């Protein structure tokens, strides 16, 4: 029984569509989603995977079909037909990618804006550093002398008036992250945050450009010497997650890792209290330790393992 080519094409198209839709939602390529914004990013990625799978099946399917259908027959030594092009076909395969790119651009722009990437607020700091706000979004503000720009990403914590954001200062140096909690004075090499509470990171670098990357939170932000960048996120799943430097920052860049712990409010307060008491005990045993000395003392064991000399540690600034 001969099945019309139009029916076969329809069946193949339906099969490719169903396979693409299934794989786009079940690829398993993304890590655990642990923040309120991760779902939006995953939706965009799933949409892109659906399109990519469909295009892959279409292109490879046509290639396999052509190899089988138009293969040279045994004993055939003639030349193939002198085809010079197909203008309608060329228009179609140019227009389709153009439309896809246009759709993805609009969709990704919407996701970026939804995450706070284009949330303008007034920033009036006339100082030498770039103006900034607690909301971590990309900000633009004008003062009487010049334009100040704050760099960062994140939904403004002001959108949730019932919960005050947890502010943490982040210092990136070769090759470690140092986290300071201004409210308590705790300084740590790992970051602890309570679940379901906005976290505002105010980040600087002491030497070269680093990048603060939280794969499970779907966010990444450059950390720049002499400027402050911001990152705001809301963790929504208790667990332990890696913090990675995603910017080549030197010979031991691969070792610039630490952990972020999302805890219940009770466990977080317990950790704060334990580390507050520990810092008080340390300060009572030494002479008024400065922030620079504190960070250098904390990093000393890691510096020895990584081969960092004292001059590099001396670059730390309070």
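The values are calculated or read from the model by the stated rules, or taken from the named source; none is laboratory data. Everything numeric in this text was worked out from a predicted model, so none of it was measured. Positions of Cβ are generated from backbone atoms using ideal geometry, with glycine treated the same way; all protein chains shown enter the neighbour counts.
Odds and ends about this structure:
- Selection from segment 228-249 of residues that are surrounded by fewer than 18 Cβ atoms within 10 Å (Cβ to Cβ) and over 13 Å from the mean Cα position of the chain (by Cα): 236, 237, 238, 239, 240, 248
- Selection status of residue 289, in the same structural domain as residue 179 (by TED's automatic domain parsing), surrounded by 13 or more Cβ atoms within 10 Å (Cβ to Cβ) and at pLDDT below 90: yes
- Within segment 168-182, considering residues that are out of contact with any helix residue (DSSP H, G or I) (no Cβ under 9 Å at 6 or more places or on another chain) and assigned to a strand (DSSP E or B), the one farthest from residue 268 (Cα to Cα): 172
- Sole residue being touching a helix residue (DSSP H, G or I) at 6+ places or on another chain (Cβ under 7 Å), modelled with pLDDT under 90, surrounded by fewer than 18 Cβ atoms within 10 Å (Cβ to Cβ) and more than 27 Å from residue 31 (Cα to Cα), chosen from 124, 185: 185
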